[in-house]
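The values are calculated or read from the model by the stated rules, or taken from the named source; none is laboratory data. Keep in mind it's a predicted model, so treat the numbers as computed, not measured. These accessible areas exclude ligands, DNA and RNA; they are computed on the full protein's heavy atoms, side chains included. Shrake-Rupley method; radii C 1.70, N 1.55, O 1.52, S 1.80 Å.
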Amino acid sequence: MSERITQSKNPIIGSNIRRLRKERGLKAVHVIARLQLENVNVTTGIFSKVENGLNNPTVDMLIALTKIFGCDFNEFFKPL
């Protein structure tokens, strides 16, 4: 089981994931498909909850998202 990054009081990570996805013109379903290709077990519901700060992303998910978005890991933690 992968470690989770907690964002319960400050959903900055989810907001940044959504921002990065939209900046790259990607739909959530395409990101989810690519995450699954990276062996990250995620569903549409889980990904939506992560973006909305209601679920915590795994470290594996964030690592895969850096590849998908072509960004640095620190992008997920930038202040809004």
* On full extension of the chain, what length is gained from LYS22 through GLN36, given 0.36 nm per residue of separation minus the C-alpha to C-alpha distance? -> 3.1 nm
* Asked: For the stretch 9-55, rounded, prolate or oblate, judged on the Cα gyration tensor with a ≥ b ≥ c (square roots of eigenvalues), a/c < 1.5 rounded, else prolate if a/b > b/c?
  -> oblate
* **Using θ = phi - 60° and Karplus 6.51 cos²θ - 1.76 cosθ + 1.60, couplings along the stretch 35-47 (whole Hz; Gly, Pro as x)** => 4, 5, 5, 8, 6, 9, 6, 9, 10, 4, x, 5, 4
* From phi via Karplus (6.51, -1.76, 1.60), per-residue ³J(HN,Hα) for the stretch 64-80 in Hz, x at Gly/Pro -> 5, 5, 5, 5, 5, 8, x, 10, 7, 3, 5, 4, 6, 10, 5, x, 6
* Gain on full stretching of the segment that runs from VAL29 to ASP72 - 0.36 nm per residue minus C-alpha separation -> 13.3 nm
* Could you grab the relative contact order for the chain? Cα pairs under 8 Å, six or more apart, rounded to a whole percent. => 47 percent
* Structure fact -> For the chain, the accessible surface attributable to carbon and sulfur atoms (probe 1.4 angstrom, ligands and nucleic acids excluded) amounts in percent to 52 percent
* Surface accessible to a 1.4 Å probe, per residue, for the residues of the chain, Å² -> 62 Å²
* Structure fact -> Once GLU75, GLU51 are ranked on solvent-accessible area with the largest value leading and a 1.4 Å probe, the list reads GLU75, GLU51
